[in-house]
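Worksheet for the structure shown next.
The numbers here are math on the coordinates, done by the rules we state, and not lab data. Model, not experiment: these values are computed from the prediction. Cβ coordinates were reconstructed from backbone atoms using ideal geometry, including for glycine residues, and neighbour counts include every protein chain displayed.
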Amino acid sequence: MAWGAQLFLVIFLSNEKDFAASWRSMQSEVAVYKRIVLKLSGEAMQERGSKENISPQIVRSIAERVKEVRDLGVQIGIVIGGGNIWRGLSAAHRGMDRTTADYMGMLATVINGLALQSACAQIGIETRVQTAIEMKNVAEPFIRGRAIRHLELGRVVIFVAGTGNPFFSTDTTAALRANEIGAEVILKATKVDGVYDADPNKNPNAKRYDRISYSEALGKRLQVMDSTAFSLCMDNKIPIVVFDMNQPGILRDAVLGRKVGTLVCD
């Protein structure tokens, strides 16, 4: 073979390999979910060891991770808790009327939702806060059709004030909103990297599940979500991915279908 032909062949094969590598990279960056519900605890807004209820730096970090996912074309609904500010159940155990305590907890979620909206706006994410308790000077009322339209337009929708009813947790809100807007998965951000058969903070031999069925999780009484939320997901076959939000890039990995945390499914 002539020298010129050999050189052409080497260049051609090299370019072909580069193209193949680029194609594989592009393929691996395709989200497997079109629409998700991200469940955040109120404690996710706090910096560990800090006395501040809301850390602007932490909230900014959460917003940046949400932007990474939205830039993949994923439609995102967020349900946020209020435990960093107020826990209705704990107050009820200390003697407060449960209904009043729960309404106070719902208002705490509104504060967290507005903080997250502000952080999102600072980095160019268009958001809408929708509340289950009407407060028109602060947020939109939750209207299913309007929420879906916002998602279709690329806006992140933050659902606050729980279900609007006492005795229901924000886990139940996440399950309910996921069903209402047709989300394909609930991504539940926690302080641990998945579902364990025992508390990993107390038992160093606790086993983490990579994948577990609804019935197995229910039978073993694993604390994936509260029973009402879990039943909603199980009955309507909405998978749940439980993961540690503190790990960099993990939210993006989750929507790309990579193996993260624990998958709870049918």
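Along the Cα→Cβ direction, 7 angstrom out, place labels at Leu218 and Ala31. What is the inter-label distance in nm?
3.0
What trypsin sites (Lys or Arg not before Pro) in the range 85-156 are in a loop by DSSP, with at most 13 other Cβ atoms within 10 Å of the Cβ?
Those satisfying the criteria are Arg94, Lys136.
Exactly which trypsin sites (Lys or Arg not before Pro) in the range 36-86 are in a DSSP loop and have at most 12 other Cβ atoms within 10 Å?
Those satisfying the criteria are Arg48, Lys51.
For the pair Asn246/Glu68, report the inter-label distance in nm, with labels modelled 7 Å from Cα in the Cβ direction.
The modelled label-to-label distance comes out at 1.7 nm.
Rounded to the nearest 500 deg cm²/dmol, what is the calculated helix-only ellipticity per residue at 222 nm for the chain, with -39500 (n - 2.57) per DSSP H run of length n ≥ 4?
On the way: 9 runs with 114 residues, N = 266.
Dividing the helical sum by the residues of the chain leaves -13500 deg cm²/dmol.
If we count GluC sites (Glu not before Pro) as exposed when they sit in a DSSP loop and have at most 14 other beta carbons within 10 Å, what is the longest stretch of the chain that avoids them all? Kindly include the intermediate steps, with their values, before the conclusion.
Values: sites that count: Glu29, Glu47, Glu52, Glu126, Glu134.
Formally, the longest exposed-site-free interval is 135-266.
Determine the alpha carbon to alpha carbon distance for each of Lys220/Lys259; Lys39/Lys259; Lys136/Lys191; Lys237/Lys259; Lys67/Lys202 and list only those over 30 Å.
Checking Cα-Cα distances, Lys136/Lys191; Lys67/Lys202 exceed 30 Å.
Once you wrap a convex hull around the alpha carbon atoms of the range 207-254, what is its projected area averaged over all directions, in nm²?
So the mean shadow area of the Cα hull is 4.0 nm².
Check every DSSP H run in the chain and write down those whose alpha carbon atoms cover 20 angstrom or more along the long axis and whose mean Kyte-Doolittle hydropathy is -1.0 or greater.
Sorted by number, the helices that extend far enough and score high enough are 3-28, 56-70, 98-122.
What order do you get for Asp102, Asp197, Asp71 when you list them from fewest to most C-beta neighbours inside 10 Å?
Fewest to most other Cβ atoms nearby, the residues stand as Asp71, Asp197, Asp102.
At a 10 Å Cβ-Cβ cut-off, how would you order Ile80, Ile58, Ile143, Ile158, fewest neighbours first?
The fewest-first ordering by Cβ neighbours comes to Ile143, Ile58, Ile158, Ile80.
On the Cα set of the chain, report Rg and Dmax in Å, please.
When restricted to the Cα atoms of the chain, Rg and Dmax are 21.5, 91 Å.
The range 71-93 to the range 173-193: how many Å between their Cα centroids?
11
Compute the length gained on full extension between Glu126 and Thr100: take 0.36 nm times their separation in residues and subtract their Cα-Cα distance, giving the result in nm to one decimal.
Value of the extension gain: 6.1 nm.
Residues with beta-carbon under 13 Å from that of Gly124, excluding Gly124: net charge, scoring Lys, Arg +1 and Asp, Glu -1? Before the final figure, lay out each step's value.
On the way: positive: Arg60, Lys67, Arg70, Arg155; negative: Glu64, Glu68, Asp71, Glu126.
Spelling it out: positives minus negatives among the neighbours equals 0.
Please get the size of the charge dipole for the chain, origin at its Cα centre, with Cβ charges of +1 on Lys and Arg and -1 on Asp and Glu, quoted in debye to the nearest 20.
The calculated dipole for the chain is roughly 140 debye.
Please work out whether the range 114-266 counts as rounded, prolate or oblate from its C-alpha gyration tensor, where a ≥ b ≥ c are the square roots of the eigenvalues and a/c under 1.5 means rounded, while otherwise a/b larger than b/c means prolate and anything else oblate?
The shape class here is prolate.
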